[in-house]
Each structure stands twice: as C-alpha cells, then as structure tokens.
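One structure below.
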Amino acid sequence: MSRGRILLLSAPDNRLEAMLGALKRKGFEIEAGIGRAALSLLEAQPFDAALLDLEQPDGIEICEELKEESTDLPVIVLTRRGTLEMAIRSMRAGAYDYLFHPLRIEAVSIAIDRAVQHRRMRRELRKLRRVVIGPTGFEGLIGTSSAMQELYELLEQVAESEASVLVCGETGVGKELVAQAIHQKSGRREGPFIAVNCAAVPGTLLESELFGHVRGAFTDARSSRAGLFAQASGGTLFFDEIGEMPMSLQPKLLRALQQRSARPVGSDREVAFDIRVIAATNLDLEAAIENRQFRRDLYFRLNVIQVDVPPLRSRSNDILILARHFLRHAATRAKKSAEGLSQEAARRLIEYPWPGNVRELENSMERAVALCRGQEVTLAMLPIRIRDYRASHVLLTAEVPEHLVPMSVIEERYIRRVLVAVGGKRGEAARILGFDRKTLYRKLIRYGIEK
Ligand SMILES: Nc1ncnc2c1ncn2[C@@H]1O[C@H](COP(=O)(O)OP(=O)(O)O)[C@@H](O)[C@H]1O
Ligand SMILES: [Mg+2]
C-alpha cells in the first residue's frame with residue numbers, strides 16, 4: 001500500500017525536483033504541478049495530503065482555494081524561516097502544518113505521515129458519528145454491540161435507496177423498530193409510516209384493507225374506503241409477518257407492487273400510489289416457497305435487500321443496556337422509584353438465553369418494576385423461568401429431569417467458554433474442542449456467537 005497520495009504545488013521558480021524524487025522513493029505517490037494550475041489535479045483523484053510552497057505570489061490565496069476545493073485535505077505549507085508571519089497567515093487560511101526551507105527530507109516525510117494519519121482518522125470518525133447517533137443506539141434502536149453497529153451501518157445505506165427491504169429475525173428482536181428506523185432515515189420521513197400485520201387481519205378482509213373498496217362492494221361496505229396503500233402514499237408501507245399473507249392474495253400484491261397501482265375492491269378504476277415497501281418475517285421464506293406457501297416471484301420482489309436482525313443472545317453486551325432502559329421507562333410510567341438491578345439479577349439476565357428476545361426482556365422488566373417496592377430490582381422479581389435458569393456448571397450436575405437440557409445447550413455454552421478462555425482465537429478454540437475450523441465456524445453461526 002502507498003504511504004499516501006500527495007499533491008505537490010510548487011512555485012514556478014522552484015520545482016522541488018530533488019524532494020519529489022526522494023519522497024517517491026520513500027513510498028509516497030505524488031502528483032506535482034506549478035502553483036494554482038495544480039489545483040486542477042484535485043478534480044481527477046482524491047489526495048491524502050497536499051504540500052504547498054508558499055514562496056510564490058498568491059501562496060496564501062492558493063492555500064485558501066485548496067481548502068475550499070477539498071475541505072478536509074490537510075495542507076502542509078513550505079516557507080522560509082524569515083517569514084514566520086506567512087506561516088501564521090497560512091494556518092489561518094486552514095493549513096495543517098508548516099515546514100521551513102531548506103527542507104530535510106526526513107522532516108517532510110514525517111509531517112506527511114502525520115497529515116495522512118490525521119486525514120484517515122477524521123474519515124473514520126465521521127463514519128462512526130454518522131452511524132452511531134446517540135451513545136446507546138440509533139433511531140430508537142438501543143444497543144452498542146458490534147452486531148448492532150453493523151446493523152446500523154447497513155440501515156444507513158438501505159435508507160438512502162428506495163429498494164424493497166425484507167427484515168428477517170426471530171420474534172421480538174425488533175424488526176418493526178428496524179423498519180421504522182429505515183423510514184425515519186429515508187427521504188420519506190415526512191410521509192406516513194403505516195404498518196399492517198398480515199397475521200392479524202383475516203384473509204378475507206386483507207384485500208380491502210390493503211387496496212380499499214367502493215360502496216356496496218360487499219355486504220358491509222356501506223361507504224367507500226381508501227386502503228392502506230393509499231394511506232401510505234408518499235411514505236412507507238410495512239408488511240409485518242409477510243409469511244402469513246394468504247396465497248390467494250399474493251398475486252394481487254405482486255401485481256400492485258409491480259404496477260405501482262391497484263384496483264379497490266368492487267372498482268374498475270386503477271388507483272396509483274407512491275410507497276416504499278418494507279416487509280418482515282420470522283419464518284424461513286425459502287422453506288415456505290419449497291412448501292408452496294409463498295410465491296417465489298413475490299419473495300424476489302420483496303427481498304431486494306435483506307436485513308437480518310441478530311437475536312439478543314448473540315449480543316449479550318446489549319442486555320444490561322436494554323434492561324436499564326426498560327426499567328427506567330417502566331418505573332417512570334408506573335411512578336415507581338426502581339432504578340437499578342441487583343448484582344445477582346444482572347448476572348442472571350446476562351446468562352439467560354432470551355428465546356423471546358428484546359420483547360421478553362421488556363416484559364420481564366415491566367413485571368419486575370410492578371413487583372418492586374424499593375429502588376433495586378432483585379432476582380426474586382424476575383419471572384420464574386429466568387430466576388430458575390441454570391448456568392452450565394449447574395446443568396452438568398443437575399439430577400432432576402426438569403433441570404436437564406438438550407446437548408446443544410451444553411455445546412453452545414462450552415464453545416463460548418472456550419472462546420473466552422483463548423481470547424477469541426478461533427484456531428486455538430477449534431484445537432481444544434477437537435473440531436476442524438470449518439465445523440467450528442458452522443457452529444458459531446448456528447449458535448449466533450459473535451467474534
Ligand atoms: N434494539 C431495541 N431497542 C429498544 N427497544 C427494542 C429493541 N428491539 C426491540 N425493542 C422493543 O421490543 C419489542 C419488540 O420489538 P418488535 O419490533 O415488535 O419485534 P419483532 O417485530 O421483531 O417481533 C418492542 O416493544 C420494541 O420496542
Ligand atoms: Mg413484530
């Protein structure tokens with residue numbers, strides 16, 4: 001890799017040829033030009049830093065123009081010792097550093113390295129700032145685990161496009177919140193966000209619910225009514241539990257999405273709409289397609305971009321952050337003074353595998369707050385399945401059948417434990433476990449274990 005792409009703007013009477021050659025030999029990529037004319041090189045390719053010889057007419061102006069063209073390009077100015085004032089003026093004009101003639105090649109390359117680093121760091125920072133908006137999450141989603149950071153980054157990109165999104169994940173992981181976050185980040189944020197739960201609306205009513213109906217279309221239709229497609233126009237329509245969409249309605253939905261228009265029930269007029277579609281499912285739709293319960297063409301239409309929301313047990317760093325959030329929320333609502341978790345309660349929350357994900361955690365904290373008389377939620381206030389959950393060392397010594405568990409539970413816990421012991425080094429973990437690497441990777445994916 002190059003040490004950095006550098007733009008050299010030299011003075012007409014001093015082309016700094018010797019320095020140019022020396023820097024190239026040190027591994028920098030350099031494009032050079034004379035004075036203001038060199039500014040045009042900025043258009044073609046980005047640079048990591050610029051060197052500007054101030055010993056030329058308009059030196060300061062050129063520095064200003066450079067900064068205008070490329071705001072975060074660090075500019076190192078080269079000047080004579082007698083003209084410190086020039087150096088100061090150039091710093092005001094946005095220069096990053098200055099060096100005095102005669103130039104020592106070592107000093108120049110150190111200054112460039114620093115500038116390049118600075119620029120790369122600023123870029124990284126900007127990326128981070130763009131993604132993590134609050135200290136605890138992103139657009140209503142709470143969690144700072146690496147799995148969630150990755151998710152936020154993906155959501156940011158997805159929001160910019162108009163493509164259909166399929167949000168996949170176990171129940172209670174936050175699929176609806178994810179859909180809302182995409183909407184809030186998109187150009188449609190001023191428009192409506194309308195959610196329809198395909199499992200909750202009886203199949204017979206779903207068509208008129210979606211597309212609307214005209215008066216007299218069926219027995220109960222005393223007046224005409226606009227459907228959700230019309231109501232969501234200009235915004236986002238969210239199909240929750242899309243896997244429950246009746247087979248009979250799927251071709252109509254597909255047609256509507258392709259044509260961007262649909263006919264209300266009982267009408268012969270097409271009504272156009274302008275919506276962005278997000279769908280969510282906790283089912284394996286590919287399997288549903290195999291079983292002829294879901295249409296492949298509709299699946300492809302909906303799944304232009306797939307967003308997978310990780311289960312809570314694979315991001316245990318988020319558990320306590322979420323628990324405290326729900327605790328505070330429930331306490332405020334119930335006007336209770338509960339504000340923290342006992343050590344034991346916190347430890348149990350982290351150990352428990354959360355099959356119901358964030359929703360289960362939310363419900364558990366609500367319940368705990370309702371039972372809480374003091375300021376601290378203790379083990380006794382947690383639901384019994386969580387309170388009685390046995391960590392792996394207890395599992396191995398359990399004797400009563402109710403406390404015995406499937407082999408996979410033991411395996412998952414043991415793999416986690418080995419990974420922690422070897423500091424996450426997978427090769428070493430595989431060796432200890434007696435798996436080949438491939439087998440270990442497969443199991444890591446299956447159990448949702450993070451890097
Ligand atoms: N990352 C999160 N941060 C805060 N609350 C969350 C998060 N994920 C889920 N929730 C909450 O948990 C509950 C379940 O989320 P929901 O989006 O309905 O899950 P799903 O649709 O995947 O079943 C909701 O009350 C939601 O507000
Ligand atoms: Mg849901």
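The values are calculated or read from the model by the stated rules, or taken from the named source; none is laboratory data. Every value quoted in this text rests on a predicted model; they were computed, and no experiment measured them. All Cβ positions, glycine included, derive from the backbone under ideal geometry; neighbour counts span all protein chains shown. What goes into the accessible areas is simple: the full protein's heavy atoms, side chains included, and nothing from ligands, DNA or RNA. Shrake-Rupley method; radii C 1.70, N 1.55, O 1.52, S 1.80 Å.
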- [ ] Kindly establish whether G191 is away from ligand 1 (no atom under 16 Å from the Cβ), small (G, A, S) and out of contact with any Phe, Trp or Tyr (no Cβ under 7 Å at 6 or more places or on another chain).
- [x] yes
Task: Tally of residues being at pLDDT 95 or above, open to solvent by 20 Å² or more (accessible area, probe 1.4 Å) and under 18 Å from V309 (Cβ atoms) across the range 176-196 - done: 5
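Conditions (1) more than 37 Å from the chain's Cα centre (by Cα); (2) open to solvent by 20 Å² or more (accessible area, probe 1.4 Å); (3) in contact (Cβ under 8 Å) with a residue 40 or more places away in the chain, marked per residue:
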site: S2; (1), (2), (3): no, yes, no
site: S10; (1), (2), (3): yes, no, yes
site: E17; (1), (2), (3): yes, yes, no
site: G21; (1), (2), (3): yes, yes, no
site: G27; (1), (2), (3): no, yes, no
site: E43; (1), (2), (3): no, yes, no
site: F47; (1), (2), (3): no, no, yes
site: A50; (1), (2), (3): no, no, yes
Task: Residue match in the range 245-265 (condition: within 16 Å of ligand 2 (Cβ to nearest atom), in the same structural domain as V167 (by TED's automatic domain parsing) and under 13 Å from L302 (Cβ atoms)) - done: yes
Open item on the list: Going by what's in this entry, would R120 be described as among the basic types (K, R) and within 41 Å of the chain's Cα centre (by Cα)?
Closed with: yes
- [ ] Could you list all residues from the range 337-358 that are part of a helix (DSSP H, G or I) and either more than 25 Å from the chain's Cα centre (by Cα) or at pLDDT 90 or above (or both)?
- [x] Q343, E344, A345, A346, R347, R348, L349, E351, N357, V358
Task: Residue in the range 54-65 that is over 18 Å from A111 (Cα atoms), surrounded by 22 or more Cβ atoms within 10 Å (Cβ to Cβ) and assigned by TED's automatic domain parsing to the domain that holds R122 present - done: yes
- [ ] From the list A217, A221, A272, pick out the single residue that is free of Cβ contacts under 8 Å to residues at least 24 places away in the same chain, more than 23 Å from K175 (Cβ to Cβ) and of a type in the set (A, V, I, L, M, F, W, C).
- [x] A272
TODO: Please find, among A163, A199, A147, A217, the residue that is more than 14 Å from T236 (Cβ to Cβ), away from ligand 1 (no atom under 15 Å from the Cβ) and open to solvent by less than 60 Å² (accessible area, probe 1.4 Å).
DONE: A217
- [ ] Determine, yes or no, whether A279 is open to solvent by less than 10 Å² (accessible area, probe 1.4 Å), of a type outside the set (V, I, T) and more than 16 Å from ligand 1 (Cβ to nearest atom).
- [x] no
Task: Flag if F229 is under 19 Å from P264 (Cα atoms), open to solvent by less than 10 Å² (accessible area, probe 1.4 Å), more than 16 Å from ligand 2 (Cβ to nearest atom) and in contact with a Leu (Cβ under 8 Å, 6 or more places away or on another chain) - done: yes
TODO: Sort out for me the helices (runs of 4 or more DSSP H) sitting completely within the range 167-281 that have 2 or more residues that are under 29 Å from N363 (Cβ atoms) and of a type in the set (K, R).
DONE: 175-185
Task: Count of the range 39-82 residues which are touching a strand residue (DSSP E or B) at 6+ places or on another chain (Cβ under 8 Å) and assigned to a helix (DSSP H, G or I) - done: 10
- [ ] Output the residues belonging to the range 166-175 that are touching a Lys or Arg at 6+ places or on another chain (Cβ under 9 Å) and either on the phi > 0 side of the Ramachandran plot or open to solvent by 30 Å² or more (accessible area, probe 1.4 Å) (or both).
- [x] G169, T171, G172, G174
Open item on the list: Considering only residues that are more than 17 Å from V196 (Cβ to Cβ) and either open to solvent by 20 Å² or more (accessible area, probe 1.4 Å) or touching a His at 6+ places or on another chain (Cβ under 8 Å) (or both), which ones fall in the range 246-265?
Closed with: M247, P251, R255, Q258, Q259, R260, R263
Task: Only listed residue being in contact with an Asp or Glu (Cβ under 9 Å, 6 or more places away or on another chain), among the acidic types (D, E) and outside the structural domain of H329 (by TED's automatic domain parsing), chosen from E190, E207, E176 - done: E176
Open item on the list: Please go through the range 87-105 and give me each residue that is surrounded by fewer than 17 Cβ atoms within 10 Å (Cβ to Cβ), assigned to a helix (DSSP H, G or I) and over 42 Å from the mean Cα position of the chain (by Cα), ordered by number.
Closed with: I88, I105
